[in-house]
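**Student:** If you scroll down you'll find the structure; I have some questions about it.
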Amino acid sequence: MSSPGAPIPMTSRKCGPLSGEAHVPGDKSISHRSLIFGAMTIGETKVTGLLEGQDVLDTAKAMQAFGAQIEKKGDTWHIHGVGVGGFLEPENVIDCGNSGTGVRLIMGAMATSDITATFTGDASLNGRPMARVTDPLALFGAKSYGRTGGRLPMTIVGAKDPIPVSYTSPVPSAQVKSAVLLAGLNAPGETVVIEREATRDHSERMLAGFGAQISTEVTNEGRVITLQGRPEFKPQTIAVPRDPSSAAFPVCAALITEGSDVLVPNIGLNPTRAGLFTTLREMGADLTYENEREEGGEPAADLRARFSPNLKGIEVPPHRAASMIDEYPVLSVVAAFAEGKTHMPGVKELRVKESDRIDAMARGLRAAGVQVDEGEDWWTVHGRGFGNVKGGVTCESFLDHRIAMSFMVMGMATENPMRVDDGGPIATSFPIFESLMAGLGAQVSRD
Ligand code: S3P
């Protein structure tokens, strides 16, 4: 089982203007998928720009355990896969560390092969619900044996003779959708997933890119995604775009730090991911898209964020939640510096991320002098306006990278420093966070 490293307390102090370019790492969602799809393809898939965060490295190790050969030469990752249905049975327990995306997608990918695998993770991952994935995988014929409440550690016995399924996802989750599609790859015939709300569509785009027959139809029921099983995958050359969810941190830091002007180049603006930037602009942020273009079939732009002292609280539409689900923690920080209330409804999923993100942020914000109201699926941050947020507290990061980074961004503009008990988890998704922010002029240090 994963054992956490020693906690790394970190402090962020009020700093002068942030300026310069922020080259954020590769997209986490696309990085996981590149490795998993590459591992399911015979021949060599080459990947550049892969996020080398711990979550993705854990997925690479897992794919090796299922039989893929993976190595990095220069800046390129080379994956020699085993083909759809070709996974070997791992000799040992698969440790996915902190990563819900890693474990849920891999469970889907192996569930329709005649092999057995046992999965575990760190204390955060082992507390997260897995039934949302094992329920649809059972329809294919896979069996799962986990702890109470469908938690890891968990053993999946893959279906010997998988049958294709039609599944309507009860939760708005790209991980659930992707697990079903990955399982459908090795089932004969048509697998259908219906999602009522659109979630990130990287799996659909990449499946088509690898040569699968997949279509999406928008109906009254939602998006109906149909995949033909047992495709002949062709190896791909993939340039992973930079992660909008990581871009969120330097962007939001610039908006709340006096005098800042920061350029975040080459960020994917896939509409299923870009909800935060729309929201910030509605709040009055000085955030512009420069050099708008298409990169690998996806809209992309350079983001320019400048200090925005007159932000206004807004009502964030619930239908936008899936397109910014990982960005609510840092949005709540920006909302604290806005005038008026920012109300965020329709966000029940925040309670089952790496931490209960509403609870984790509300605790730290309240301690720092910001009023937060919350219900099961909503929260409201009462903005104090620029220059009026006290800070001066130590917050718990609850093994959640985005909670740790959000409080570090907050400390750049509070009167007194903000501290987190453990910034270690930042390495799961944004290993260069401290050096990148320091390069812009931030004062983030380890105690
Ligand atoms: C992800 C989907 C989202 C997101 C996670 C990455 C993915 O999770 O929070 O960081 O790559 O599919 P859910 O599917 O649970 O919403």
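**Student:** Restricted to segment 181-197, and to residues that are within 16 Å of the ligand (Cβ to nearest atom) and under 24 Å from Asn92 (Cα atoms), which residue is surrounded by the most Cβ atoms within 10 Å (Cβ to Cβ)?
**Tutor:** Taking the candidates together, the pick is Ala183.
**Student:** Name, by its number, the condition in (1) closer than 23 Å to Ser124 by Cβ; (2) within 14 Å of the ligand (Cβ to nearest atom); (3) not aromatic (Phe, Trp, Tyr) that does not hold for Met10.
**Tutor:** Unmet for Met10, out of (1) closer than 23 Å to Ser124 by Cβ; (2) within 14 Å of the ligand (Cβ to nearest atom); (3) not aromatic (Phe, Trp, Tyr): (2).
**Student:** Within the bounds of segment 33-41, is there any residue that is charged (D, E, K, R), within 16 Å of the ligand (Cβ to nearest atom) and touching a helix residue (DSSP H, G or I) at 6+ places or on another chain (Cβ under 9 Å)?
**Tutor:** Just the residues of segment 33-41 that are charged (D, E, K, R), to begin with: 33.
Still in the running and within 16 Å of the ligand (Cβ to nearest atom): 33.
Imposing the further condition that a residue be touching a helix residue (DSSP H, G or I) at 6+ places or on another chain (Cβ under 9 Å) reduces the set to 33.
Scanning segment 33-41, I find at least one residue that is charged (D, E, K, R), within 16 Å of the ligand (Cβ to nearest atom) and touching a helix residue (DSSP H, G or I) at 6+ places or on another chain (Cβ under 9 Å), so the answer is yes.
One line per residue, one yes/no per condition, for (1) of a type in the set (Lys, Arg); (2) under 26 Å from Glu415 (Cβ atoms); (3) surrounded by fewer than 18 Cβ atoms within 10 Å (Cβ to Cβ); (4) touching a helix residue (DSSP H, G or I) at 6+ places or on another chain (Cβ under 6 Å):
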site: Ala305; (1), (2), (3), (4): no, yes, no, yes
site: Ile314; (1), (2), (3), (4): no, yes, no, yes
site: Pro329; (1), (2), (3), (4): no, yes, no, yes
site: Pro345; (1), (2), (3), (4): no, no, yes, yes
site: Arg366; (1), (2), (3), (4): yes, yes, yes, no
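**Student:** A further question on this structure: Is it the case that Val370 is of a type in the set (A, V, I, L, M), surrounded by fewer than 22 Cβ atoms within 10 Å (Cβ to Cβ) and farther than 26 Å from Thr101 by Cα? Explain how you work it out, then say what you get.
**Tutor:** Values: of a type in the set (A, V, I, L, M): yes; surrounded by fewer than 22 Cβ atoms within 10 Å (Cβ to Cβ): no; farther than 26 Å from Thr101 by Cα: yes.
So Val370 does not fit the description; no.
**Student:** So which residues in segment 85-111 are under 25 Å from the mean Cα position of the chain (by Cα), touching a residue at least 60 places away in the same chain (Cβ under 8 Å) and away from the ligand (no atom under 16 Å from the Cβ), if there are any at all?
**Tutor:** Kept after step one, since they are under 25 Å from the mean Cα position of the chain (by Cα), are these residues of segment 85-111: 93-111.
Those still in the list that are touching a residue at least 60 places away in the same chain (Cβ under 8 Å) too: 93, 95, 97-102, 104-109, 111.
Within segment 85-111, Val93, Asp95, Ala111 meet the criteria.
**Student:** I've got another one for you. Return the residues of segment 47-81 that are over 22 Å from the mean Cα position of the chain (by Cα) and either in a strand (DSSP E or B) or within 15 Å of the ligand (Cβ to nearest atom) (or both); say none if nothing qualifies. Steps first, answer last, please.
**Tutor:** First, the residues of segment 47-81 that are over 22 Å from the mean Cα position of the chain (by Cα): 64-76, 78-81.
Matches in segment 47-81: Gln69, Ile70, Glu71, Lys72, Lys73, Thr76, His78, Ile79, His80, Gly81.
**Student:** Would you pick out the residues in segment 198-231 that are among the acidic types (Asp, Glu) and either crowded, with 20+ Cβ neighbours inside 10 Å or modelled with pLDDT of 95 or more (or both)? So that I can check it myself, show each step before the final result.
**Tutor:** If we filter segment 198-231 for residues that are among the acidic types (Asp, Glu), which is where we start, we get 201, 204, 217, 221.
Scanning segment 198-231 gives Asp201, Glu204, Glu217.
**Student:** Pairs, please: C-beta under 6 Å, at least 6 apart or cross-chain, first residue over 20 Å from Ala22 (Cβ atoms) and in segment 297-322, second of a type in the set (Lys, Arg) and more than 16 Å from the ligand (Cβ to nearest atom)?
**Tutor:** Gly313/Lys341
**Student:** Could you grab me the full set of residues in segment 217-260 that are of a type in the set (Val, Ile, Thr), within 16 Å of the ligand (Cβ to nearest atom) and in contact with a Lys or Arg (Cβ under 9 Å, 6 or more places away or on another chain)?
**Tutor:** Ile225, Ile238
**Student:** Suppose we filter Thr279, Thr288 for residues that are outside the structural domain of Gly49 (by TED's automatic domain parsing), more than 19 Å from the chain's Cα centre (by Cα) and under 22 Å from Ala335 (Cβ atoms); which single one remains?
**Tutor:** Within the list Thr279, Thr288, the selection yields Thr288.
**Student:** How many of the residues in segment 49-68 are within 22 Å of Ala212 (Cα to Cα) and surrounded by fewer than 22 Cβ atoms within 10 Å (Cβ to Cβ)?
**Tutor:** Here the count works out to 1.
**Student:** Quick one: which strands (runs of 3 or more DSSP E) lie wholly within segment 324-427 and hold at least 2 residues that are within 23 Å of the chain's Cα centre (by Cα)? Full working, then the answer.
**Tutor:** Values: elements: 339-345, 371-375, 378-384, 418-420.
Answer list for segment 324-427: 339-345, 378-384.
**Student:** Hey, another quick one. Scan segment 144-177 for residues that are in a strand (DSSP E or B), touching a helix residue (DSSP H, G or I) at 6+ places or on another chain (Cβ under 9 Å) and away from the ligand (no atom under 16 Å from the Cβ) and jot them down.
**Tutor:** Quick first cut of segment 144-177, residues in a strand (DSSP E or B) only: 144-147, 151-157, 166-168.
Remaining after also requiring touching a helix residue (DSSP H, G or I) at 6+ places or on another chain (Cβ under 9 Å): 144, 146-147, 151-154, 156, 166-167.
Answer for segment 144-177, where residues must be in a strand (DSSP E or B), touching a helix residue (DSSP H, G or I) at 6+ places or on another chain (Cβ under 9 Å) and away from the ligand (no atom under 16 Å from the Cβ): Ser144, Gly146, Arg147, Pro153, Met154, Ile156, Ser166.
**Student:** In addition: Within segment 12-40, track down each residue that is more than 24 Å from the chain's Cα centre (by Cα) and either surrounded by fewer than 20 Cβ atoms within 10 Å (Cβ to Cβ) or under 30 Å from Gly209 (Cα atoms) (or both). Talk me through it step by step, then tell me what you get.
**Tutor:** Keep residues of segment 12-40 that are more than 24 Å from the chain's Cα centre (by Cα), which gives 13-20.
The answer is Arg13, Lys14, Gly16, Pro17, Ser19, Gly20.
**Student:** Out of (1) on the phi > 0 side of the Ramachandran plot; (2) outside the structural domain of Asn291 (by TED's automatic domain parsing), the odd one out for Thr226 is which?
**Tutor:** Evaluating Thr226 over (1) on the phi > 0 side of the Ramachandran plot; (2) outside the structural domain of Asn291 (by TED's automatic domain parsing) leaves (1) as the failure.
**Student:** Considering each of Leu269, Leu276 in turn, give the residue that is at pLDDT below 95 and within 26 Å of Arg205 (Cβ to Cβ). Steps first, please.
**Tutor:** Details: Leu276 fails: at pLDDT below 95.
Residue meeting the stated conditions: Leu269.
The values are calculated or read from the model by the stated rules, or taken from the named source; none is laboratory data. The structure presented is a predicted model; accordingly, all values stated were derived computationally and were not measured. With ideal geometry, Cβ positions are generated from the backbone for all residues, glycine too; neighbour counts draw on all protein chains shown.
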